[in-house]
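S.K.: My questions all concern the structure below.
The values are calculated or read from the model by the stated rules, or taken from the named source; none is laboratory data. Quick caveat: nothing in here was measured; it's all calculated off a predicted structure. Here the Cβ positions follow ideal geometry from the backbone for every residue, glycine too, while neighbour counts run over all protein chains shown.
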Amino acid sequence: MTTESVITGNKTTARTYKDYGRPLWRRLLVSREAAVIGALILVLIVSNSTVRNFGTPITFYYLLLDVLPILLIALPMTLIIITGEIDLSVASTMGLSSVVLGILHQGGLPIEQAALVALVVGAVAGAINGFLITVVGLPSLAVTIGTLALYRGLAVGILGTTAVTDFTKSWKDFVKSKIGDSSIPTVILIFIVLAIIFIILLHFTPFGRGVFALGLNDEAAKFSGINVERTKFILFVLSGVISALAGIYYTLRFGTARGDNATGLELSVIAAVLLGGVSIFGGRGALPGVIAGVLLIGTLGSALRLASVTSDVINIITGTLLVLSVVSTSFLAWLHKKRTKPGGKKTGSPAAKS
Amino acid sequence: MFQKFSRTSGVARAGAFAALAVSVALVATGCSAGTSDPEASGGAGGDANLAITFVPKNLGNAYFDTSDAGGKEAIEEFGGTYDEQAPAEGTPDGQVSFINTLTQQQVGGIALSANDPTALCDAVNEARDAGVKVVTFDSDTSADCRDLYINQATSEGIAKVQVDLIAEQIGDEGQVAILSATANATNQNAWIDLMKADLEANHPNIELVDTVYGDDDDQTSFDKTEALLQTYPDLKGIISPTTVGIAAAARYLQTSDFKGKVQLTGLGTPNQMRDYVTDGTVTAFALWNPADLGYLAAYATKALIEGTITGAEGDKFDAGKLGEYTVDADGTVLLGDPYTFNKDNIGDFDF
């Protein structure tokens, strides 16, 4: 492929285009992702020096255990939101997989097999979403609000108000184990592997280019040869499977399978994805920013809790942060538009105006 | 063209990942920096660490506001440090984060109302391994993952107070009926069985004519009350051992001709019942006093922190204005008889 472009370059020679309008350092430093990563680093440094007990290994151990379900589900959620769709049923799928795992284990299946069935249930749940959205052609917002209620209803219906708690101890211990003598939870390795797979999938494959193209203009994407339906269907199935995986983790970590497990978690996931710089309108976003976004919300919560700030105030702070991050995108876009004349040239003194 | 695009933009992306790597590295250095930090901040050792934090099921709940205020009163009496931490919603995972945090902060003790009997166990046991004393109140965890449980009332106590109240209100004779929650509600059925036994043994002139179920639904309970009064014209009293039932029955009685003629008692909360008690529809009803519950939990935590008790059966400790308490089997402490609310004291409560 490289050779081809070189050849064409040699033949024409008439005109060359720069690959980017701005130099590399500006593209890296002046971006949403960089801003989120910068905010994360800032919060870490400030918390480390001002909050007592924050700079201890155990803080990061608990932090990672707490945010793991959000980190996991944020991966497929990022891709789905980049296509301009949304999946609100992820937390209900977690609850359903938790209940399936619990009820099968209670019925005598070992954890491994029960977890496998739970993953399949997650895939089916995702496939139902995908089917309704791509084949039937319904909007994902409506479909997944429906399945949010449906999957949660199934989960609570199967187990009622009871809970399954007798899980194999070796598995519960594994979920909480640390890598060697460090304070990094072993389960984070699962996330790292999945994160690498999703980063490659989104940023380095034709499939990933298709995801972005879909979000920008799905009709144009269709005409340029992207299988729109198949792409979306695959993403919703992935979302179902990863949610089920998060549900299994949640069940084993807390040692309890309940129908109401992880209620409301979908909002934390979507908030983190948006904070990480993904556009809710689709077509824009990057996974490193999202991962930093999840860690930012988690770190902030952890630091504020250690500083004995009440949960209501923590919610107010994270909520404000989210609104500000969304507003800042629109504000910057507006500012950029103002500074640039229709012809593309900058006006005389933008500083004087503001 | 498409391919060329993706090749060159890879450089930019590699840069973005480098930035992420830096942040990950920073997290890691944060870890290692902490490791070298000595345990200077630990509040353990030396004098007893009387920093006690209340962790109710959730914030913004009037019942827990009352109980935690009781705990605060106690902690101020004995010169400890009071704090309250809880998730905004009553979920077990939310409580786990707060218990973990309190473990790191090295508080002396935690007074906890558990959202799940088992999900909190690991977090609570980690706290206990780190020397934090954990006392549950209102809602218990499994017995092996807390030091003490402050039980608000026993089934026997709850059954007895309701029978005593109705007997007193109707002059110890005549027909009564029970308006319960659902037909298979475990707690209510246990209480009803105990009430029946108590009536038979100690109140031979009171006849229990019927037990109806309002399904803990306001409208159903309201309708069932109406039906009871139509079916049994000589009915003198109704016992409703559920907060939904007693409020609905009181609402019916308040606007009917039966007001003042038919007595109503049971388990209710002061805020729901305030109107009916002040206008005389209901003379008295029962529940426990959440403020005393929190007060006792605070003193029990203090006794554990100071080492006066270990939580073993038979241990005795002083609980300020409430007097002396003894630990029963399974590490439980019983608050006492249920509390009776009437016209004179209902103004003191807000939950």
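S.K.: Taking into account only those residues within the stretch B:285-317 that are among the small types (Gly, Ala, Ser) and buried (at least 22 other Cβ atoms within 10 Å of the Cβ), which is nearest to residue B:247 (Cα to Cα)?
M.R.: Per the stated criteria, the residue is B:286.
S.K.: Looking at B:181, B:185, which is the one that is modelled with pLDDT under 95 and surrounded by fewer than 18 Cβ atoms within 10 Å (Cβ to Cβ)?
M.R.: Just a single option satisfies the conditions, and that option is B:185.
S.K.: Test each condition in (1) in a loop (DSSP other than H, G, I, E, B); (2) under 20 Å from the mean Cα position of the chain (by Cα); (3) at pLDDT below 90 for residue A:308 and report the one that comes out false.
M.R.: Of everything listed in (1) in a loop (DSSP other than H, G, I, E, B); (2) under 20 Å from the mean Cα position of the chain (by Cα); (3) at pLDDT below 90, residue A:308 misses just condition (2).
S.K.: Now, a different point. Could you list all residues from the stretch A:25-38 that are at pLDDT 75 or above and at the interface with chain B (Cβ under 10 Å from one of its Cβ atoms)?
M.R.: Listed by number, the residues that qualify are A:31, A:33, A:34, A:36, A:37, A:38.
S.K.: Can I ask one more? Identify, by number, the condition in (1) within 27 Å of residue A:98 (Cα to Cα); (2) within 14 Å of another protein chain (Cβ to nearest Cβ); (3) out of contact with any strand residue (DSSP E or B) (no Cβ under 6 Å at 6 or more places or on another chain); (4) among the hydrophobic types (A, V, I, L, M, F, W, C) that residue A:314 doesn't meet.
M.R.: (1)
S.K.: Check residue A:59 against each of (1) surrounded by fewer than 24 Cβ atoms within 10 Å (Cβ to Cβ); (2) facing another protein chain (nearest Cβ under 7 Å); (3) outside any loop (DSSP other than H, G, I, E, B) and name the one condition it does not meet.
M.R.: For residue A:59, the failing item is (1).
S.K.: On to the next question. Among the residues of the stretch B:79-93, what is the count of those that are part of a loop (DSSP other than H, G, I, E, B) and of a type in the set (Val, Ile, Thr)?
M.R.: 1
S.K.: For the condition within 27 Å of residue A:299 (Cβ to Cβ) and more than 7 Å from chain A (Cβ to nearest Cβ), what is the one hit in B:90, B:80, B:109, B:71?
M.R.: B:90
Table: residues versus (1) touching a residue at least 40 places away in the same chain (Cβ under 8 Å); (2) farther than 24 Å from residue B:58 by Cα; (3) not acidic (Asp, Glu).
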{"position": "B:125", "(1), (2), (3)": "no, no, yes"}
{"position": "B:147", "(1), (2), (3)": "yes, no, no"}
{"position": "B:151", "(1), (2), (3)": "yes, no, yes"}
{"position": "B:166", "(1), (2), (3)": "yes, yes, yes"}
{"position": "B:175", "(1), (2), (3)": "yes, yes, yes"}
{"position": "B:179", "(1), (2), (3)": "yes, yes, yes"}
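S.K.: What tally of residues in the stretch A:176-201 results from selecting those that are touching a Gly at 6+ places or on another chain (Cβ under 9 Å) and modelled with pLDDT under 95?
M.R.: Final tally of qualifying residues: 1.
So that you can scan it fast, the table gives a plain yes or no per residue for (1) part of a helix (DSSP H, G or I); (2) in contact with a helix residue (DSSP H, G or I) (Cβ under 6 Å, 6 or more places away or on another chain); (3) farther than 14 Å from residue A:250 by Cβ:
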position	(1), (2), (3)
A:69	yes, yes, no
A:75	yes, yes, yes
A:78	yes, yes, yes
A:87	no, yes, yes
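S.K.: I've got another one for you. Go through the stretch A:259-289 and count every residue that is over 19 Å from residue B:93 (Cα atoms), of a type outside the set (S, T, N, Q) and over 12 Å from the mean Cα position of the chain (by Cα).
M.R.: 5
S.K.: Looking at (1) buried (at least 19 other Cβ atoms within 10 Å of the Cβ); (2) in a loop (DSSP other than H, G, I, E, B); (3) of a type in the set (A, V, I, L, M, F, W, C), can you tell me which one residue B:96 breaks?
M.R.: Of the numbered conditions (1) buried (at least 19 other Cβ atoms within 10 Å of the Cβ); (2) in a loop (DSSP other than H, G, I, E, B); (3) of a type in the set (A, V, I, L, M, F, W, C), the odd one out for residue B:96 is (2).
S.K.: Check off (1) under 27 Å from residue A:203 (Cβ atoms); (2) surrounded by fewer than 21 Cβ atoms within 10 Å (Cβ to Cβ) for residue A:263 and give me the number that stays unchecked.
M.R.: (1)
S.K.: Any idea which of (1) part of a loop (DSSP other than H, G, I, E, B); (2) among the polar types (S, T, N, Q); (3) within 18 Å of residue A:247 (Cβ to Cβ) is the one residue A:161 doesn't satisfy?
M.R.: Failed condition: (3).
S.K.: If a residue must be assigned to a loop (DSSP other than H, G, I, E, B) and either within 12 Å of chain B (Cβ to nearest Cβ) or more than 15 Å from residue A:71 (Cβ to Cβ) (or both), how many such residues does the stretch A:175-189 contain?
M.R.: The number of residues fulfilling the criteria is 7.
S.K.: OK, next. Quick check, is residue B:317 in contact (Cβ under 8 Å) with a residue 60 or more places away in the chain and either closer than 22 Å to residue B:155 by Cα or touching a helix residue (DSSP H, G or I) at 6+ places or on another chain (Cβ under 9 Å) (or both)?
M.R.: no
S.K.: What residue, of A:131, A:212, A:207, A:167, is surrounded by fewer than 18 Cβ atoms within 10 Å (Cβ to Cβ), within 14 Å of chain B (Cβ to nearest Cβ) and touching a residue at least 24 places away in the same chain (Cβ under 8 Å)?
M.R.: A:207
S.K.: Let me ask something else. Check B:116, B:144, B:129, B:140 and return the single one that is within 21 Å of the chain's Cα centre (by Cα), of a type outside the set (Gly, Ala, Ser), surrounded by fewer than 23 Cβ atoms within 10 Å (Cβ to Cβ) and farther than 30 Å from residue B:265 by Cα.
M.R.: Step by step, each of B:116, B:144, B:129, B:140 is checked, and only B:144 is within 21 Å of the chain's Cα centre (by Cα), of a type outside the set (Gly, Ala, Ser), surrounded by fewer than 23 Cβ atoms within 10 Å (Cβ to Cβ) and farther than 30 Å from residue B:265 by Cα.
S.K.: Here's a follow-up. Being assigned to a loop (DSSP other than H, G, I, E, B) and among the charged types (D, E, K, R) is the requirement here; does residue B:140 meet it?
M.R.: Yes; evaluated as a whole, the condition is true for this residue.
Per-residue answers, yes or no, for (1) at the interface with chain B (Cβ under 9 Å from one of its Cβ atoms); (2) out of contact with any Gly (no Cβ under 7 Å at 6 or more places or on another chain); (3) farther than 30 Å from residue B:102 by Cβ; (4) buried (at least 24 other Cβ atoms within 10 Å of the Cβ):
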position	(1), (2), (3), (4)
A:226	no, no, yes, no
A:234	no, yes, yes, no
A:242	no, yes, yes, yes
A:274	no, yes, yes, no
A:280	no, yes, yes, no
A:303	no, yes, no, no
A:306	yes, yes, no, no
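S.K.: Could you check the stretch A:247-265 and list, in sequence order, the residues that are within 12 Å of chain B (Cβ to nearest Cβ) and aliphatic (A, V, I, L, M)?
M.R.: Within the stretch A:247-265, A:252, A:257, A:262, A:265 meet the criteria.
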